[in-house]
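Starting off with a structure, shown below.
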There are 2 protein chains.
Amino acid sequence: MHKPDTTNGTAPPFAAVTSEDDTVLVRWADGAESLFHCIWLRDHCPSGLHPSTRERLWDWGTIDPGIRANSTCLNASDELEISWTDGHVSRFASDYLHRRRYDDEARRDRLPPLDLWSSDSIRRRLPEADYHAVMSDDASLLDYHLTVRNTGFVIMRNVPIRDWVCEEVARRTAFTRETNFGRNFEVISRPNPNNQAYTHDALLAHTDLANREMPPGVQFLHCLEFGATGGESLLVDGFHAAEQLRAVDPQAWEVLTRVGLPFRFHDADCDVRWKGTPIALDADGRYHEVRYNPGLGAALDVPATQVKQVYRALHAFAARLKDPANVLQFKLQAGDMMVFNNRRVLHGRAAFDPNTGPRKLQGCYVDLDEWLSRIRVLTGQHHQD
Amino acid sequence: MHKPDTTNGTAPPFAAVTSEDDTVLVRWADGAESLFHCIWLRDHCPSGLHPSTRERLWDWGTIDPGIRANSTCLNASDELEISWTDGHVSRFASDYLHRRRYDDEARRDRLPPLDLWSSDSIRRRLPEADYHAVMSDDASLLDYHLTVRNTGFVIMRNVPIRDWVCEEVARRTAFTRETNFGRNFEVISRPNPNNQAYTHDALLAHTDLANREMPPGVQFLHCLEFGATGGESLLVDGFHAAEQLRAVDPQAWEVLTRVGLPFRFHDADCDVRWKGTPIALDADGRYHEVRYNPGLGAALDVPATQVKQVYRALHAFAARLKDPANVLQFKLQAGDMMVFNNRRVLHGRAAFDPNTGPRKLQGCYVDLDEWLSRIRVLTGQHHQD
């Protein structure tokens, strides 16, 4: 069972309100208290939303950051009513304000869970989904979205062996992300490859398109044929490896969250380059991305004083990412599809012998913005202002 | 004239080489010197590139960061030849190494120029391009790409009045970026709008889709009809405004480069949210993005201790962005197309009266990765390893 993503809609009513200096203290009927700053309240006045678009109508230059409350009260409609020094009067419903409270505990409670894994821990509870359930049932669709968000991947079973089913599954979420490889791609052994994926060599675990400012989010990789010897799939939880690194070598971890490593892909038609940190946190300080693709590593041009510490940090991180205890290895069957967060879960494969049989995968991407949006729509959060 | 983007291919030959501890010092025939670290050189050995894909063949865990040179010399082929403590021998051509040197001056010289502007300064030298030249001539195509990269926008003239010409122009660069608004969009006054752009209200200068992890890069906005009174276009150089803010209020500037501001767009089909810093620098410490869209501002949930400083900083930045000296205002004509970096140049419009005539724009996006890639291909950099 996943933790529900929405509040149950029964926010406690207001019990009391007091104002001091530039803050307003609200006590809720459940006894808890929330502090709000006057400028925050004035800026979040519900009258500032366009009635149809629900967009804000004023910018951050409109209101004096030093604004104060002339008076505060709980009015006859059970609203918090504030008269401001700029002459405006605001009225807040309790659920509107309760949902937006920003004490540390409330902020922490709003963060989604994060499920880190090693090879051993995940092997015993392999995240799976059924193609038919995901395609026909919104509860299964939501469950699979939450699993990929929290755990980073799902193996989908019973996928029809038909070209570009991956795109049909992707469209259950949203539109796909196009790249220089097109709107979708086929992974087979090719002559004169422009990319290691199109050989039959082993592929070290990596994240795709690390050379882009924003690498694609969720990857769909559908196995249509697999008769070749070898070619086992590898998956590694990059966030787990990063957290291990932080524990054993915090200095290396810090370097990899700060220094942009250059990546590049170039062929006859494009030359796409980006310098990104191998480990990236989001605005809430949570793991957001592991960017790791040795094949696309470009000439390192950090300041000379940082060269040695960057190599030491990369060496330490590489050891964590290749640690067999972290590498989940398994063989895809025709009719399986891996769906994984390419910004977190590294994927790779063992070498295979193309003379022993075919190996054909098809894939596409959907960005994380769309993945998380689908979760909000399936749980009704998109109806909340 | 733009500064050329490529070296002229005549890197100086090696003149001398010495090795000490974990570094190698190269003297070039022009008298300059470059220091390289042993681990850097061993990692960049040209033998580590796949012959066809040109991808790296080893990861950062393969080579001991403490590696040293057993011997260094300039061999009979004018290469730098190094015998390593791990038994490997590397040979470097001078141009390969010269192009990758990483002293501070070389790193600085590789950065593209940045052309900041105010309304007054840009009005006297409005960046323009001719549709027919861009569509038919690669030199004009390159020039227009460099202008958008360096200055942030171009007004393209003589664009045919035909549906979705914007996409034809975009495809001179690459594929387009799809969003929840589709692969392209039309800006007209609509009933029941889901977005302020689809009203006839004034639009404060903003960057599009600030609610996405990576907002679209270059925006194409083609004017097909414009008979309405009002509706003048606004453009603001966000990097110039940010640089002004840094000069007058460095504390506010620092806050806006560090604190993630929440943005959100939601309608019946999606709910896309992201917390991004209003000002973002890239790995080289240069301006990369201004993210500013008051209409999409969502509930601010930074830690309580930061609320007041965030509002003060936003108030100061808003003043710079609305300063008339920074706002270029002009009226598009049918047959004009604005092409601008949506990660830097804010755009907006004055209100217009839909009863006085039509106003119809069509647009689409191409991401910055593709914009910069096209510049590299047009200048031949994609052929260089």
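The values are calculated or read from the model by the stated rules, or taken from the named source; none is laboratory data. None of the values given here were measured: they were computed from a predicted structure. No Cβ is skipped: glycine too gets one built from the backbone with ideal geometry, and neighbour counts run over all protein chains shown. SASA here: full protein model, heavy atoms, side chains in, ligands and nucleic acids out. Shrake-Rupley method; radii C 1.70, N 1.55, O 1.52, S 1.80 Å.
Rounded to the nearest 100 Å², what is the sum over both chains of accessible area buried where A meets B, with a probe of 1.4 Å?
7800
Rank A:Thr53, A:Thr257, A:Thr277 by mean-square fluctuation in a GNM of chain A with C-alpha springs under 10 angstrom and give only the top-ranked residue.
Looking only at A:Thr53, A:Thr257, A:Thr277, the largest GNM fluctuation is found for A:Thr53.
Right, here's the next one. Rounded to the nearest 0.05, what FRET efficiency do B:Thr10 and A:Ala325 have when you use their Cβ-Cβ distance and R0 = 60 Å?
Between B:Thr10 and A:Ala325 the formula returns 0.70.
Distances from A:Asp284 to the same residue in each other copy, label points 7 Å out along Cα→Cβ, in nm, shortest first?
3.5
Sticking with this structure for a sec: Among B:Thr173, B:Ser136, B:Phe153, pick out the residue whose Cα is farthest towards the positive end of the charge dipole of region B:119-378, where Lys and Arg carry +1 and Asp and Glu carry -1 on C-beta, about the Cα centre.
Of the listed residues, the answer is B:Phe153.
Bin width 20 Å, origin at 0, all Cα-Cα pairs of the protein assembly as shown: what percent of pairs per bin?
Reading the bins upward from 0: 15, 46, 34, 6, 0.
When averaged across all projection directions, what area in nm² does the alpha-carbon convex hull of region B:160-268 cover?
9.4
Something else: Taking Rh as the Kirkwood radius, which is the inverse of the mean 1/r over Cα pairs, what is the Rg/Rh value for chain A?
Value, to two decimals: 1.05.
Can you list the distances in nanometres, one decimal and ascending, from the A:Ala76 label point to the identical position in each other copy, with the point 7 Å along Cα to Cβ?
Here the equivalent label points are 10.4 nm apart from this one.
Using a basic spin-label model with each label point 7 Å from the Cα along Cα→Cβ, how many nm lie between A:Asp282 and A:Asp22?
2.9
What ratio of Cα Rg to 2.2 N^0.38 Å holds for region A:14-110? If you can, show how the numbers build up before the last one.
On the way: Rg = 13.2 Å, N = 97, 2.2 N^0.38 = 12.5 Å.
That ratio works out to 1.06.
Same structure again: Just for the Cα atoms in region A:257-373, what are the lengths along the principal axes, largest first, rounded to whole Å?
Rounded to whole Å, the extents work out to 50, 39, 39 Å.
Next question, about the same structure. Find which of B:His44, B:Gly31, B:Gly66 sits farthest along the positive direction of the dipole of region B:14-110, computed with +1 on the beta-carbon of Lys and Arg, -1 on that of Asp and Glu, about the Cα centre.
Checked the options; the winner is B:His44.
Given a Förster distance of 51 angstrom, what is the FRET efficiency for A:Ala202 paired with A:Asp109, based on the Cβ-Cβ distance and rounded to 0.05?
On the way: r = 44 Å, r/R0 = 0.85.
After rounding to 0.05, the efficiency reads 0.70.
Keeping all protein chains in place, calculate the accessible area per residue for region B:53-134 (probe 1.4 angstrom), answer in Å².
Per residue, region B:53-134 has an accessible area of 52 Å².
How shielded is A:366-373 by partner chains, expressed as the average number of their Cβ atoms within 10 Å of its Cβ atoms?
Counting other chains' Cβ atoms within 10 Å and averaging over A:366-373 gives 5.
What translational diffusion coefficient, to the nearest whole µm²/s, does region B:332-378 have by Stokes-Einstein, given a Kirkwood radius computed over alpha-carbon pairs, a temperature of 4 °C and 1.567 mPa s viscosity?
Stokes-Einstein gives a translational diffusion coefficient of 95 µm²/s.
Summarise the accessible area of region B:45-161 (1.4 Å probe, protein heavy atoms) by the percent that is carbon and sulfur.
46
Report the calculated FRET efficiency for B:Glu128 and A:Arg258 (r = Cβ-Cβ distance, R0 = 56 Å), to the nearest 0.05. Before the final figure, lay out the partial values.
Working: r = 41 Å, r/R0 = 0.73.
Calculated value: 0.85.
If you put a point 7 Å past Cα along the Cβ direction, how far is that point for A:His383 from the same point in each other copy, in nm, smallest first?
Nearest to farthest, the other copies are at 6.1 nm.
Right, next: When chain B is turned about an axis onto chain A, which of its residues keeps its C-beta closest to that axis, and how many Å is it?
Value returned for chain B: B:Met214, 2.
Roughly speaking, what is the centre-to-centre gap between region A:48-102 and region B:148-207 when only Cα atoms are used, to the nearest Å?
34
According to a simple spin-label model (label point 7 Å from Cα along Cα-to-Cβ), what is the distance in nm between B:Ala268 and B:Asp78?
Here the answer is 7.0 nm between the modelled labels.
Take every DSSP beta bridge with both residues inside chain B and express the antiparallel ones as a percent of the total, to the nearest 5.
Values: 65 of 68 bridges.
If we restrict to bridges inside chain B, about 95 percent are antiparallel.
Then there is this: Using a Gaussian network model of chain B whose springs link C-alpha atoms within less than 10 Å, name the residue from B:Leu235, B:Leu281, B:Leu41 with the highest mean-square fluctuation.
B:Leu41
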